[in-house]
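The block underneath contains the structure these notes are about, expressed in structure tokens.
The values are calculated or read from the model by the stated rules, or taken from the named source; none is laboratory data. Source: prediction; values computed, not measured. Note that each Cβ is placed from the backbone with ideal geometry, even for glycine, and that neighbours are counted across all protein chains shown. For accessibility, only protein heavy atoms count, side chains too; no ligands or nucleic acids. Shrake-Rupley method; radii C 1.70, N 1.55, O 1.52, S 1.80 Å.
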Amino acid sequence: DTAVSQTPKYLVTQMGNDKSIKCEQNLGHDTMYWYKQDSKKFLKIMFSYNNKELIINETVPNRFSPKSPDKAHLNLHINSLELGDSAVYFCASSYRTGGPGYGYTFGSGTRLTVV
Amino acid sequence: ELKVEQNPLFLSMQEGKNYTIYCNYSTTSDRLYWYRQDPGKSLESLFVLLSNGAVKQEGRLMASLDTKARLSTLHITAAVHDLSATYFCAVDKVAGNMLTFGGGTRLMVKP
């Protein structure tokens, strides 16, 4: 009965490969996010979608392409993986302004290791 | 650009002692959040502070917010080993927009 679920939990892949991470939330939230946590534990927003519409796109290489088929799902596809992409990627969800609740709920994270 | 700074970044303390983690942010924001992260785990929400002067307590942790000073504190009372974790503060400039995180405070509580 996980609120925000990500798959896979671990991903080890070679440089140059293409990989995807999937995220689903069952909280009824209308906004979903991808955050990257680097080796120093620093967390930075990458993308945000509100009701399938991209609303935040930080300075992320265009090798990263998010897709939201509906407001409960947000996927992240990464092309031509590089060593520097190794990190933990967290999906999160929330209500946009004026929603019935507040707060952000995070998934368990996907640890990506590029070798 | 909204910036969030935490200090200290690393804190080693003995059980039974008190300490405070500080979180400064650079521009007016709607809400201040505190999260806990255990190694290899997700972020667990601890507190959401909504207004100036807000104070919330849960067990040995107490968080407060001073919006005029753009400062939040997380006070630890009589620390125990189970509190060892990394603590993050985060701010959303517009409620529900996105979170900007501080650098985290790694807390180690020694017996």
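List of remarks:
- Test: residue in the stretch A:48-62 that is at pLDDT 95 or above, surrounded by 19 or more Cβ atoms within 10 Å (Cβ to Cβ), aromatic (Phe, Trp, Tyr) and in contact with a Leu (Cβ under 6 Å, 6 or more places away or on another chain): no
- Restricting attention to the stretch A:11-31 and to residues that are modelled with pLDDT of 95 or more and open to solvent by less than 20 Å² (accessible area, probe 1.4 Å), the residue that is nearest to residue A:103 (Cα to Cα) turns out to be A:25.
- Filtered residue count, the stretch B:36-72, keeping only those that are under 20 Å from residue B:103 (Cα atoms), in contact with a strand residue (DSSP E or B) (Cβ under 7 Å, 6 or more places away or on another chain), open to solvent by 60 Å² or more (accessible area, probe 1.4 Å) and within 14 Å of chain A (Cβ to nearest Cβ): 2
- Taking the numbered list (1) away from every other protein chain (no Cβ under 14 Å); (2) surrounded by 12 or more Cβ atoms within 10 Å (Cβ to Cβ); (3) within 28 Å of residue B:39 (Cα to Cα) in turn, residue A:84 passes all entries but (2).
- Checked against (1) within 13 Å of chain B (Cβ to nearest Cβ); (2) of a type in the set (Lys, Arg); (3) buried (at least 16 other Cβ atoms within 10 Å of the Cβ), residue A:71 meets all criteria but (1).
- Selection status of residue B:5, free of Cβ contacts under 8 Å to residues at least 12 places away in the same chain and open to solvent by 30 Å² or more (accessible area, probe 1.4 Å): no
- Of all residues making up the stretch B:81-106, the number that are more than 10 Å from the chain's Cα centre (by Cα), modelled with pLDDT of 95 or more and assigned to a loop (DSSP other than H, G, I, E, B): 2
- In the stretch B:73-106, residue surrounded by the most Cβ atoms within 10 Å (Cβ to Cβ) [restricted to those that are away from chain A (no Cβ under 12 Å) and in contact with an Asp or Glu (Cβ under 7 Å, 6 or more places away or on another chain)]: B:79
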